[in-house]
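Below: one structure, written as structure tokens.
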Amino acid sequence: MHLPRSPRRRSAAWAAAAITAAAVLIGPAPAFAQSDTTTSSTAEVDPSVLDTVGKGKESTFFVVLKKQADLSAAKGERTHAAKAKSAFAALRAEARSSQRPLQSFLDKEKIGYESFWIANAVKVTGDERLVEDLAKRADVASIVKEHHYALDATESRVSDAAGDSDPVTPEWGVKDIKADQVWDQYDDRGEGIVIANVDSGVQYDHPALKANYRGNNGDGSFTHDYNWYDPTGQCPTSAPCDNNGHGTHTMGTMVGAGGVGVAPGAKWIAAKGCESSSCSDASLLAAGQWILAPTDHNGQNPRPDLAPDIVNNSWGGGDTTFYQDIVEAWNAAGIFEAFASGNDGDGVTCSTGHAPGSQAPAYGVGAYDVDGKIASFSGFGPSKLDGSMKPNISAPGVNVRSTWPGNTYKAISGTSMATPHVAGAVALLWASAPSLIGNIEATRALLNEGAVDVDDTHCGGTAGANNVWGEGKLDIFASVDKAPHTAAVVTGKVTDKATGSALSGVTVKASGATSTRTVTTAADGSYRLTLPAGTYDFTLGGYGYADGARSGITVTTGEQATEDFALNAVASHAVSGTVLDVTGKPLAKATVQVAGTPVASVTTDATGHFTLPKVAEGSYTLTATPAAPVLCNGTYNGKLTVDGDETLTARVPARSDSTGNSCTPATYSWIAGGSKVALSGDEDARTIALPFPVKLYGVPYSSASVTTNGLINFMEPRLGDYENVALPSADKPNGTVAAFWDDLTLDKKSSVQTSTTGTAGSRKFAVVWNNAAFADGSPGRVTFEAVFDEATGAVTLQYLAVPGGGASATVGIENQAGTDALQYSFNEPVLKDKAAIRIAQGTK
């Protein structure tokens, strides 16, 4: 039996990259400064890129295009949802159009890339020649190095004897900004507002955060799609996680229950833009896109109508203007953003703030302590980038106690802790004055007007607005008091019609011409909505109850209206069935559940059969998730309508990647090799000509590199890739077909051959590895091949003899940037002799 071998030591470059992975708060980072380039250049190139490639090394950088989307139409829309939809459409359309010539160039040069529409930029890795070629392009504005933003040392945890106990009274910062007075005098805790953070993640089931997570269905189940996104890939499941603590802390200050949060009635969602203790540009850009247009957990099917109202950003560093595009896109979409000003201050020196918080379009936040003194670490203005006054405002940021992973609480310091006070305050403001939702300029003006002036002009400015405090100390009660109170308040209770008992977790949605607000009922069945004057249609929904509706409810300015609802319980029925795999055979050990309900999940038996507990009448999505190894089995998502006892058959689809490539078991039909490829030994690679263009992730190739280690690499010859990894992986090699990627060696008994069969238009081209030995001396020899089909574009992987079943091999395909892949297996003994896997390619 061929057993998995112990992992080998990674290369020094890989180890350095792993150590660099960084992120969460503001810390010094290399600036994206600009420099003069050669006279033939049209783009400005980051000097750190030039320094790296000038030493003969490759650099990872972003190519920023000159064309930018016109967001004026989005700014002119009336509602937040309409603004977000318009901004998303404009940004994506411009990126698709203007990036196409650049992408064609990179494809021709065999350069992998990752595209971003929110900043109209493309991430690539390349050498000096590539940088020179890109800098000369008329469509390129600049080339900026990829950076990571590290957690600043001043954000140390403060010892707190009661740090782990549940809070029962408002924390000092909540009281200092007078949020508790807004709760008491305006009966406003941020209801109906959705707030987000881009941070290290969130412990979504923390007792102080669980109830108002937007993904909480109110019945014990959770829906993470559109409510959580992890572009870093650090979380072990599709559920939110926080491997640092920073994001959980900032979210608690915004919306946490029990006194830690400024707006405990608001809902929250989150994007993990920080890998662990730092944030990379790529993850931040992906997170920034998701904030404007949330997606499912695969990053697909964007929904700008589900964008949050507010987003907190307690991170930053350096003096880049790169992220400004995202700030302006959010603002155009009606999303209020708050940014930490940075922790590089010394209490005296000016211009110590960092981007993005120090950029003119961003609303930057400084920090002060419980005694009302500016924090020694708080970044001052004026901005080194554009001379603007920074910060814009200041908030509590020293010894701030909030939620922490493990269901605990900790007190820490930093402008990171000040910023969520401002984000939470905006939730209170918008909940009280919904006519302000999406109006960024008017909201900033009210925050500024309500702030308490602090006279410190040693960095410039006036007593009322200076580069130490900005507009002064945040006072949300004053801002709410000054807001246009042109709304009505609608309250009520939702009960069971038969029993009169209160119904918690029921969604109450009010839809009008200019505003749509959604809240869920509390434990006592109560709800509260603040609505601009107008006419609304109310709809209600909750598991186990028939949907409720009431149309034409008209409210006037200042009105205190009451709308109670009584819902009818519905009957429950048995649901059973059979789950089949992608080939139509019974699929055992699959997990079956009714998404978004409290119905307990079940596992299929050996015959693929399942029986669910009773399910209430209604329309749902039934999911069937294969157990590992999933191989070519995808996840079934099908409509389930329950109006009686139900029996169904659920056949899982072929598993696919984000590009649409999919795999299925295929009929084995071995193609013998013919022409020999000059490969031998332990580490060897040869480039071969292809008899017809072969596409990989939409890019056609006329040649490819074949290695002794079972790889076909379309990007470049690679040597020393003996250590197989899971796909996708940003580490090279990328742009590969891993027929059987393992550490193999070719001796006198082994060979690699190619063979072409068929006639033009329907040819098949095979690359065949014969009797390859395992480099570590494991017993047995492996014979396998990759067959490319000219007519269909599919690639079929065939296995004549696979001792150990692939227990130490990677099988699948990966795109040119290492960001998408269809992995059949990784170090799993799932391959069989005389078996085949067909990978059908999707569209790019």
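What follows draws every value from the coordinates through simple rules; no lab data is involved. In this text, all values refer to a predicted model and were calculated from it rather than measured experimentally. So basically every Cβ, Gly included, is an ideal-geometry build from the backbone, and we count neighbours across all protein chains shown.
The table that follows gives values for the structure above.
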item	result
Among 336-344, 519-527, the order from most to least packed when residues are scored by Cβ within 10 Å on average	336-344, 519-527
Helix-only CD estimate at 222 nm, as mean residue ellipticity for the chain, using -39500 (n - 2.57) per DSSP H run (n ≥ 4)	-5000 deg cm²/dmol
Members of Lys410/Lys482; Lys67/Lys695; Lys123/Lys509 lying beyond 32 Å, as alpha-carbon distances in this model show	Lys410/Lys482; Lys123/Lys509
Fraction of antiparallel bridges per DSSP, region 487-567 only, in percent to nearest 5	80
Vicinal HN-Hα couplings computed from phi for region 250-260 (Karplus, 6.51 cos²θ - 1.76 cosθ + 1.60; Hz; Gly/Pro x)	5, 5, x, 5, 6, 9, x, 7, x, x, 7
Largest-first principal axis extents of the Cα set of region 25-147 (Å)	53, 38, 26
Whole-Hz ³J(HN,Hα) from phi, Karplus 6.51 cos²θ - 1.76 cosθ + 1.60, for region 329-341, glycine and proline x	5, 4, 4, 5, 7, x, 9, 6, 10, 10, 10, 5, 7
Reach of Lys748 by Cα under 18 Å, taken over lysines that are not fewer than 8 positions away in the same chain	Lys676
Proximal aspartates and glutamates to Lys834, defined as alpha-carbon separation beneath 14 angstrom and excluding residues fewer than eight positions away on the same chain	Glu785
Relative exposure of Met417, Met251, Met715, judged by other C-beta atoms within 10 Å (fewest first)	Met715, Met417, Met251
Listed pairs Lys66/Lys732; Lys55/Lys145; Lys373/Lys473; Lys493/Lys639 exceeding 20 Å between Cα atoms	Lys66/Lys732; Lys493/Lys639
Ranked list, fewest to most other Cβ atoms within 10 Å of each Cβ, for Ser729, Ser376	Ser376, Ser729
Nearest 10 degrees, 0 to 90: helix 440-450 Cα axis against the chain principal axis	40
Per-pair calculated FRET efficiency, R0 = 25 Å: Lys676 and Thr759 via Cβ, rounded to 0.05	0.55
For region 572-651, alpha-carbon Rg relative to the globular expectation (2.2 N^0.38 Å, N residues)	1.01
Taking region 487-567 and dividing mean pair separation by its residue count, relative contact order in percent (alpha carbons under 8 Å, at least six apart)	39
Gained length - Lys497 relative to Ser669, 0.36 nm times residue gap less alpha-carbon distance	55.4 nm
Spherically averaged projected area in nm², based on the convex hull that wraps the Cα atoms of the chain	37.1
Near-label residues of region 653-672 by backbone N, under 16 Å of a point 7 Å along Cα→Cβ of Thr583	653-655, 663-670
Lys67 long-range amide H proximity, modeled H, under 5 Å	none
Share, in percent, of DSSP beta bridges within region 280-430 that are antiparallel, nearest 5	40
Among beta bridges that DSSP assigns inside region 170-482, antiparallel share in %, nearest 5	35
Cβ-based exposure ranking for Tyr113, Tyr368, Tyr149, in which fewest neighbours within 10 Å come first	Tyr113, Tyr368, Tyr149
